[in-house]
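Take a look at the structure below.
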Amino acid sequence: MSCDLPTEHAGSASRQVVRHRRGVISSVTDRIIEEFPVALVFNGISHAVMMATPLDLEEFALGFALTEGIVERTSDVFDLEVSLHASSAEIQLSIAQQAFLEMKGKRRSLAGRTGCGVCGIESIELLDLYPDRISVSATAEAISAAAIERAAQQLPDQQVLMRTTGGVHAAAWCSRDGSVLEAFEDVGRHNALDKLIGRLARRRMDMTDGFVFLSSRASYELVRKAARMNIPLLATISAPTSLAIDIAQRAGMRLLSFCRLDGFVEYTAQN
């Protein structure tokens, strides 16, 4: 099923605001990004409630299941059903029994917030700060500065909700030459990445043959999610955190930030 709202302003809501510009005060209708609680339910057990923009929720749920390590592969998700309500959503996923038992063993409970991907975690050990090395070839090293520049140039054209509301993150999948092939937006940067990965997984796209470009800072959970999917390069518009750099180095991932039309900063280069 498709959970996209059937309007040209899907993902945003209208609000009456008072605008102050150069001494002129006017009452106008503005478009505001929507933020819904989205419950993720696995085999009948509620696992997490994340705050998200109510678009592309099937991709979001599949991506979340993969990047959080709940399932190892798309085929472990047998069924997925989205129920979209007036101000909330619920996603029911049926997953393989072994994956479900392992999920229950982790005893993880998330109260999702837009700025944090690990709120409500029960122990530091569950953060999983030591990822396996990603199993890719020299794909990442072959991605040139020109490819990063091309992605930075093309991404704004894909940010429809950003142009409408000014308050949303984007995650894009780019080919080796920097062409933007897929892009998703969400009020949460980690949600946008989950939506993107969910789409790539559903289409069985090779996640080692390209890179992810994010319109946000590089935080721990974004790098960890990408590493789990064997993505060789993560590029972001804003700064990384120290933990994000550490995770990328442990995973053998290239991490580029402050990506602009005229360059970037590389944090995982070998000196």
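A short reminder: the numbers here are calculations on the coordinates, not readings from a lab. What you see is a predicted model, and the numbers here were worked out from it, not measured in a lab. Positions of Cβ are backbone-derived with ideal geometry, glycine not excepted, and every protein chain shown enters the neighbour counts.
Quick look at the values:
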{"item": "Length added when fully stretched, Leu261-Ala239, from 0.36 nm per residue minus Cα-Cα", "result": "6.4 nm"}
{"item": "Cut-off 12 Å between beta-carbons: net charge of the residues surrounding Ala13, Lys and Arg +1, Asp and Glu -1", "result": "-1"}
{"item": "Potential lengthening between Gln92 and Ser14 on full extension [0.36 nm per residue; Cα-Cα distance subtracted]", "result": "25.2 nm"}
{"item": "Among beta bridges that DSSP assigns inside the chain, antiparallel share in %, nearest 5", "result": "75"}
{"item": "Formal net charge of residues neighbouring Glu149 (Cβ-Cβ distance under 15 Å; K, R +1; D, E -1)", "result": "-1"}
{"item": "Taking region 185-271 and dividing mean pair separation by its residue count, relative contact order in percent (alpha carbons under 8 Å, at least six apart)", "result": "23"}
{"item": "Inter-probe distance in nm under a simple model that places probes 7 Å from Cα toward Cβ, at Lys104 and Asp177", "result": "5.1"}
{"item": "Projected label distance in nm at Gln153 and Phe78, using a 7 Å step from Cα toward the beta-carbon", "result": "5.0"}
{"item": "Residue-averaged 222 nm ellipticity for the chain, from DSSP H runs of 4+ at -39500 (n - 2.57), nearest 500", "result": "-8500 deg cm²/dmol"}
{"item": "Where labels lie 7 Å past Cα in the beta-carbon direction, separation of Asp128 and Ile45 in nm", "result": "1.6"}
{"item": "Theoretical gain in end-to-end length, Arg163 to Ala145 [0.36 nm per residue, Cα-Cα removed]", "result": "3.8 nm"}
{"item": "Once exposed loop trypsin sites (Lys or Arg not before Pro) are cut out (DSSP; at most 16 other Cβ, 10 Å), longest piece of the chain", "result": "205-271"}
{"item": "Surrounding net charge for Ser87, when Lys and Arg each add one and Asp and Glu each subtract one, Cβ distance under 14 Å", "result": "-3"}
